[in-house]
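The values are calculated or read from the model by the stated rules, or taken from the named source; none is laboratory data. Remember, predicted model here, so these are calculated numbers, not experimental data. Don't worry about glycine lacking a Cβ; one is built from the backbone with ideal geometry, like all the others, and counts go over all protein chains shown. Ligands, DNA and RNA are stripped out before the accessible areas are found, and what is left, the full protein with its side chains, is counted by its heavy atoms. Shrake-Rupley method; radii C 1.70, N 1.55, O 1.52, S 1.80 Å.
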Amino acid sequence: MKKCKLCNIQSDLQISHAVGDSVFKKIFRTNSGKAIAITSGNAPIGYSSDSWAENQLCADCEKLLNHNYERYSLGVLRGSGCTFEKKTDGLHFSNLDQHKLIMYFLSIYWRAANSSHASYRNVVILDKDNEYLRNAILNDLSIPSNKFSIKLSRVLDLSKSKGFTDQAIKQFIVSPFCRIYENEKVENISVCFMFEGFFIEVYLKGLDEEEQTLCGLLSETKSDLVIPYLNLFDIDEIVDLMVDGYRKHLEGNSRVKANKK
């Protein structure tokens, strides 16, 4: 019996996932129960069935998050239960419940920030935001646009070589990392996630009115959303990781068997 991090009630804690277990199961199912893990540092490339889980929430809170946010939002990311059209500038969605999407991604961010799993070690949160989000997630409260901002992009291989198919990119899941933005107006930090073929930035300060018009920015006041395309090779942090992985492969620092042609 330990205290649930969401409701603060003593309970039998469940094996909890910040990024949902169904995301990992989809990847593992496609790759015979395991994924290929590439990490920074000297650790070799290897297989992994780790779904970044720990005992964190009680059964009731797990059900609450799944019912209120995850089931709907993950369906949207997978193209079900929603209306969308693929156009040259991105994915055009209509009749969306963007409140559910906002709460879904903020709940992932909050759970990751409160996780002790090594894959979430780069996720930062302020104490005041931690309690604010806990209460909002638990009670399904609206988040003011000046508090947090969330931007979505659909990741594609837009390079000339087209080395990664759309389906292959959907098998990518990246340990969250932070970006620091500095300009004359304001300093901001975003926590970045990538899964299900989408790149998600959670800005820890709400973007200003001019930036609120960016494509892919979620808004509770709107039901339409355009999610722009983002070239995989324009995400520097992921490119660096792939380059490091390729170096390890060339050096023989890998436990993954190469496919024979």
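If Lys and Arg each add +1 and Asp and Glu each add -1, what is the summed charge of the other residues whose beta carbon sits under 11 Å from the beta carbon of GLN56?
+2
Summarise the accessible area of segment 74-177 (1.4 Å probe, protein heavy atoms) by the percent that is carbon and sulfur.
Of all accessible area on segment 74-177, carbon and sulfur atoms account for 50 percent.
If r is the Cβ-Cβ distance from SER94 to SER32 and R0 is 45 Å, what FRET efficiency results, to the nearest 0.05?
Rounded to the nearest 0.05, the efficiency is 0.75.
I'd like to compare 219-231, 140-152: which one has the highest average count of other Cβ atoms within 10 Å, and what's the full order after that?
By packing density, highest mean first, the sequence is 140-152, 219-231.
Can you give the accessible area per residue of segment 159-261, in Å², using a 1.4 Å probe?
Ligands and nucleic acids excluded, the result is 62 Å² per residue.
Would you mind checking LYS87/LYS222; LYS87/LYS248; LYS25/LYS100; LYS5/LYS34; LYS128/LYS151; LYS86/LYS170 for any pair whose Cα atoms are more than 27 angstrom apart?
LYS87/LYS248; LYS5/LYS34
Among rounded, prolate and oblate, which fits segment 106-159 when a ≥ b ≥ c are the square roots of the eigenvalues of its C-alpha gyration tensor, a/c under 1.5 means rounded, and a/b larger than b/c means prolate?
Since a/c reaches 1.5 but b/c is at least a/b, the shape of segment 106-159 is classed as oblate.
Roll a 1.4 Å probe over the protein chains and send me the accessible area per residue for segment 41-152 in Å².
On a per-residue basis, segment 41-152 sits at 47 Å².
Would you please give the residues with an amide H less than 5 Å from that of SER219, counting only those at least 5 places away or on a separate chain, with H modeled from the backbone geometry?
none
Would you list, by chain and number, the aspartates and glutamates whose Cα falls below 17 Å from the Cα of LYS63, excluding same-chain residues fewer than 8 positions away?
ASP12, ASP21, GLU54, ASP140
How many angstrom separate the Cα center of segment 89-143 from the Cα center of segment 1-78?
14 Å
Among LYS160, LYS128, LYS205, determine the one that fluctuates most according to a GNM of the chain built with springs between C-alpha atoms less than 10 Å apart.
LYS160
Label ASP157 and VAL243 with points 7 Å out from Cα along Cα→Cβ: what is the distance between them in nm?
Once both label points are built, they end up 1.9 nm from each other.
Using 1/(1 + (r/R0)^6) with R0 = 35 angstrom and r between the beta carbons of ASP50 and GLU210, what's the FRET efficiency to the nearest 0.05?
Computed FRET efficiency for ASP50 and GLU210: 0.30.
Classify segment 186-238 from the C-alpha gyration tensor, please: rounded if a/c falls under 1.5, else prolate or oblate depending on whether a/b exceeds b/c.
Oblate, since a/c reaches 1.5 and b/c is not below a/b.
Positive end of the dipole of the chain, charges at C-beta (+1 Lys, Arg; -1 Asp, Glu), about the Cα centre: which of THR88, ASN31, PRO144 has its Cα farthest in that direction?
Of the options given, the answer is ASN31.
Using a Förster radius of 22 Å, what is the FRET efficiency between LEU141 and LYS63 based on their Cβ-Cβ separation? Nearest 0.05, please.
So, using R0 = 22 Å, E works out to roughly 0.75.
LEU126 versus GLU187, label points 7 Å from Cα toward the beta carbon: distance in nm?
1.2 nm
If you build a Gaussian network model of the chain, linking Cα atoms that sit under 10 Å apart, which residue out of PHE193, PHE93, PHE105 swings the most?
Taking springs between Cα atoms under 10 Å, the residue moving most is PHE93.
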